[in-house]
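**Q** One structure, as structure tokens, below. Some questions next.
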Amino acid sequence: MKAKDLRQKQRIDLNEELMKLRREQFNLRMAAAAGSPARPDQWSKVRRNIARIKTVLTEQRSGGAK
């Protein structure tokens with residue numbers, strides 16, 4: 001998921017994607033707590049994708065997206 005691609009999406013689509021990633025992050029936490037941890041690289045990928053989406057949403061709110 002690239003920030004350039006995210007900037008072309010509507011705010012509604014970005015919010016839906018953000019909720020999907022937060023659910024995935026929650027599922028990873030629950031899997032780790034249950035004793036069957038997922039691959040370690042999934043944690044960082046999900047976290048970074050959440051940060052990318054939040055950054056694009058903030059840019060769109062402030063009118064900084066060009």
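**Q** Look at Asp41 and say whether it is without any contact (Cβ under 8 Å) to a residue 24 or more places away in the chain, out of contact with any His (no Cβ under 7 Å at 6 or more places or on another chain) and under 30 Å from Gly63 (Cβ atoms). Break it down into steps so the answer makes sense when it comes.
**A** On the way: without any contact (Cβ under 8 Å) to a residue 24 or more places away in the chain: yes; out of contact with any His (no Cβ under 7 Å at 6 or more places or on another chain): yes; under 30 Å from Gly63 (Cβ atoms): no.
The answer is no for Asp41.
**Q** Could you list, in sequence order, the residues of region 21-44 that are surrounded by 14 or more Cβ atoms within 10 Å (Cβ to Cβ) and closer than 23 Å to Lys9 by Cβ?
**A** Step one: of region 21-44, the residues surrounded by 14 or more Cβ atoms within 10 Å (Cβ to Cβ) are 21, 24-25, 28, 38, 42-43.
Passing the criteria: Leu21, Glu24, Gln25, Gln42.
**Q** Which one is farthest from Met1 (Cα to Cα), of the residues in region 11-66 that are of a type in the set (D, E, K, R) and within 8 Å of the chain's Cα centre (by Cα)? I'd like the intermediate steps shown before the answer.
**A** Of region 11-66, the ones of a type in the set (D, E, K, R) are 11, 13, 16-17, 20, 22-24, 29, 39, 41, 45, 47-48, 52, 54, 59, 61, 66.
Filter once more, keeping what is within 8 Å of the chain's Cα centre (by Cα): 17, 20, 22, 47-48, 52, 54.
Values: Glu17: 11, Lys20: 14, Arg22: 15, Arg47: 12, Arg48: 10, Arg52: 9, Lys54: 13 Å.
Applying the filter and picking the extreme gives Arg22.
Since every read-out is calculated from the coordinates, none of them should be taken as a lab result. Computed from a prediction, not measured in an experiment: that's the story for all the values here. Cβ atoms come from the backbone with ideal geometry, glycine included; neighbour counts cover every protein chain shown.
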